[in-house]
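Notes for the one structure printed next.
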Amino acid sequence: MATILNIETSSTNCSISIGVNGELISLVEKDDAQYSHSEKLHVFIKEALKDASLTFNHIDAISVSKGPGSYTGLRIGVSAAKGLCFSLDKPLIALNTLEALSHQLEIDEGVIIPLLDARRMEVYAAVFDNNHREIRATKAEIITEDSFSEYKEGKVYLLGPGAEKCKDVVEGSNVHIIASKHVPSAREMVKLSEEKFKINDFENVAYFEPYYLKDFVVTKPKKR
């Protein structure tokens, strides 16, 4: 039973939600391809609190989407979450971005494969059953015609921004591609963060780092 501020910045969507006892009471978000999270994040937090008629004094914990995802986006979100935890003396909850994204889809059978865009034909992906239980851990992989072939005996739902890369590559009558309008959102974090709060599943604020999954590569400009 808690009031939790949830922060999601792993993709183009800058998203803030507030949950009370696992129920959504406030959501402020904007999907912006320009990744303007650094300007919007703290403004959105204030808007979410105002919309819920709450102040920081009402918050019991801070929850953050830990990744994988955009290096810069994750860094901004985690830095803000840690700063709030330190200043408010509140616990930090970390949620797997792909697990939260999988909850945007409800299915009766088959598997849900949430995908986030990486570079070129690469994605971050994990596999969940119809109860949103992880059956294959998150990894970075290159999309080919053989991708996820081990799950194609049943229905396969490819969900999220990375699903676009699967069009015309991953084929099969049982493959359903649900494209990029589904982006990670703090909406799905509400119930998940409440579950972790109940069992005191908190992070060490001083040492916690985002789950980047692979090293960030800086591309040097070509010499003219």
Q. How about segment 47-158: which strands (runs of 3 or more DSSP E) wholly inside it have at least 2 residues that are within 22 Å of residue 26 (Cβ to Cβ)?
A. 61-67, 92-96
Q. Which residues, taken from segment 159-179, are buried (at least 18 other Cβ atoms within 10 Å of the Cβ) and outside any strand (DSSP E or B)?
A. 160, 161, 162, 163, 165, 166, 170
Q) Of all residues in segment 104-146, how many are touching a strand residue (DSSP E or B) at 6+ places or on another chain (Cβ under 7 Å), among the polar types (S, T, N, Q) and without any contact (Cβ under 8 Å) to a residue 40 or more places away in the chain? A) 0
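Each reported figure results from applying straightforward, stated rules to the coordinates on display, with no laboratory input. Since the structure is predicted, the reported quantities are computational estimates derived from the model, not experimental observations. Positions of Cβ are generated from backbone atoms using ideal geometry, with glycine treated the same way; all protein chains shown enter the neighbour counts.
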